[in-house]
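Inspection log for the structure reproduced underneath, given as structure tokens.
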Amino acid sequence: MGYTTLISSEQLQALAASGSPLRIFDCTFDLMQPHSGEQQYLDSHITGAVYANLDTALSAKHGAAGAHGVITAAGADAPASGGRHPLPNREKFATWLSGVGFSNNMQAVVYDRNGANYCGRLWWMLKWAGHANVAVLDGGLQAWTAAGGQLTTGEESAHFQSNFTLRQELVALVATKTVADNLGRPVQTLIDARGAPRFRGEVEPLDPVAGHIPGALNRPFGNNIGPDGKFKPAAVLKAEFEALLVGRDPASVVHHCGSGVSAVPNLLAMQIAGLGSTGLYAGSWSEWCSDTRRPVAKG
């Protein structure tokens, strides 16, 4: 069995030294300065890591939701979700994985410098592609550096083309219609990972409408990270999520945020806590609020 949730810096060092098939991905990004993530990668990254750009590798280039949230691209370019960071379809994603030399026999390790905010996206997408052995580097690049891990600057050598094969999805992608149809029903519990002021509708720096989906609970994604920059212990995460859910079934949870990216640390944290696999509404608030007919709550 490989690593499927978290991997420590020490475990990654041992894995790399063992010669086992391995691919490391640096997912560092900044929403406000989209080009700075790749520059940070070039300045310093784990030796051998591939850069995974949120905008160009982990999001669709076409098909942002148009009027009433309808995804406009079709055919091979059709994304799998709407919103500000629409998911590329699985076939497009598999093509990218093959292009960077990733194959089905490899252990994937993903990291960033952002509290697992962006690398969680690739962790989830690999699960969605049917790849079980993917883990988040606990503590990110900061923990790796503190542990004396090897770093490199500049570009990495090109990798040989591989042939990554899609398999059965290991995670659940939830569509807008499903979220809308299940509003207010016990079969669905929405958890919004945005900061409290955005959730309450007091500010909205990125989307045209402020507020949240009616009935959603709020847990900012940063709440999963302890003072040491690593995920809190499983028992602590379990207690915190159970307190948030107040008796609701963990299996009913659907995570979302602004554009489906920062929701993933909550999803990962529930899995670490032993609360099972939960759903992701990848279109999230940016897709929901694109249709003025959908209800909005504030406060």
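Quick notes on this structure:
- Of Ile24, Ile225, Ile191, the one that fluctuates the most in a GNM where the chain has Cα springs shorter than 10 Å: Ile225
- Label-to-label distance, nm, for residues given as Glu10 and Asp30 (7 Å Cα→Cβ offset): 3.3 nm
- A rounded overall shape is assigned to the range 160-278, the ratio a/c of its alpha-carbon gyration tensor axes (a ≥ b ≥ c) being less than 1.5.
- Reach of Lys127 by Cα under 18 Å, taken over lysines that are not fewer than 8 positions away in the same chain: Lys92
- Extension gain for Asp43 to Lys298 (0.36 nm times residue separation, less C-alpha to C-alpha distance): 87.6 nm.
- By other beta-carbon atoms within 10 Å, ranking Trp128, Trp123 with the fewest at the front produces Trp128, Trp123.
- For the chain, Cys257, Cys289 have no disulfide-compatible partner, since no other Cys C-beta lies under 4.7 Å from theirs.
- For Ala172, nonlocal amide neighbours, meaning residues 5 or more places apart or on other chains whose placed amide H falls under 5 Å from its own, are Leu280.
- In the chain, helical runs assigned H by DSSP with n ≥ 4 each contribute -39500 (n - 2.57); averaged across all residues and rounded to the nearest 500, the mean residue ellipticity at 222 nm is -7500 deg cm²/dmol.
- For Lys298, a cut-off of 18 angstrom between C-alpha atoms picks up these aspartates and glutamates, skipping any fewer than 8 places away in its own chain: Asp192, Glu202, Glu204, Asp207, Glu287.
- Backbone N within the range 98-135 under 12 Å of label point (7 Å from Gln168 Cα along the Cβ vector): 130
- Net charge over other residues, Cβ less than 14 angstrom from the Cβ of Tyr118 (K, R count +1; D, E count -1): -2
- Given the chain, longest segment not containing exposed loop GluC sites (Glu not before Pro) (DSSP; at most 12 other Cβ within 10 Å): 1-154
- The calculated FRET efficiency for the pair Val203 and Asn105, based on their C-beta separation and a Förster distance of 41 Å, comes to about 0.35.
- Filtered trypsin sites (Lys or Arg not before Pro), the range 218-299: DSSP coil and at most 16 other beta carbons within 10 Å: Arg248, Arg293, Lys298
- Rounded FRET efficiency, nearest 0.05, which uses the C-beta distance separating Ala180 from Ser157 and R0 of 45 Å: 0.40
- Bridging of Lys230 to aspartates and glutamates at a Cα separation below 14 Å is possible for Glu10, Asp112, Asp138, once same-chain residues fewer than 8 apart are set aside.
- Dipole-positive endmost among Pro233, Val174, Gly258 within the range 172-288 (Cβ charges, Cα centre): Pro233
- Mean separation of Cα contacts under 8 Å, 6 or more apart, over the residue count of the chain: relative contact order %: 21 percent
Laboratory data are not the source of any read-out in this text; all were calculated from the coordinates shown. In this text the structure is predicted, and so the values were computed from the model without any measurement. All Cβ positions, even for glycine, are placed from backbone atoms using ideal geometry, and neighbour counts span all protein chains on display.
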